[in-house]
Amino acid sequence: MQGRDRGEAWRGANQAWDVIGLLLSGILVVGGLGWLLDLWLGFHYLFLPIGMVVGVGIAIWMTYRKQTQEPPNPRGPE
């Protein structure tokens, strides 16, 4: 990896782990809320898959927002 610093070499791996973490947390958190809603309302796995799909959608939206925003200025606000 000549000509590149060590931090830049790992940037792609960090982005991949960010995406994996967001997807898993979206599925678990919103799917978990759907499961709790199923228990509370007495349904048998109605809101769990809905929550999981909504969680994936939120995670994809958050990933898009994170990847398209401008990087912060290391020198602070100007």
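The values are calculated or read from the model by the stated rules, or taken from the named source; none is laboratory data. In this text the structure is predicted, and so the values were computed from the model without any measurement. Quick reminder, even Gly has a Cβ in these numbers, built from the backbone with ideal geometry, and neighbours come from all protein chains shown.
Some points to look at:
- Of all residues making up region 1-42, the number that are aromatic (Phe, Trp, Tyr), at pLDDT 95 or above and exposed (fewer than 14 other Cβ atoms within 10 Å of the Cβ): 1
- Flag if Ile60 is modelled with pLDDT of 95 or more, surrounded by 13 or more Cβ atoms within 10 Å (Cβ to Cβ), β-branched (Val, Ile, Thr) and out of contact with any helix residue (DSSP H, G or I) (no Cβ under 7 Å at 6 or more places or on another chain): yes
- Filter result (among the polar types (S, T, N, Q) and either touching a residue at least 40 places away in the same chain (Cβ under 8 Å) or not in a helix (DSSP H, G or I) (or both)) within region 44-72: Thr63, Gln67, Gln69
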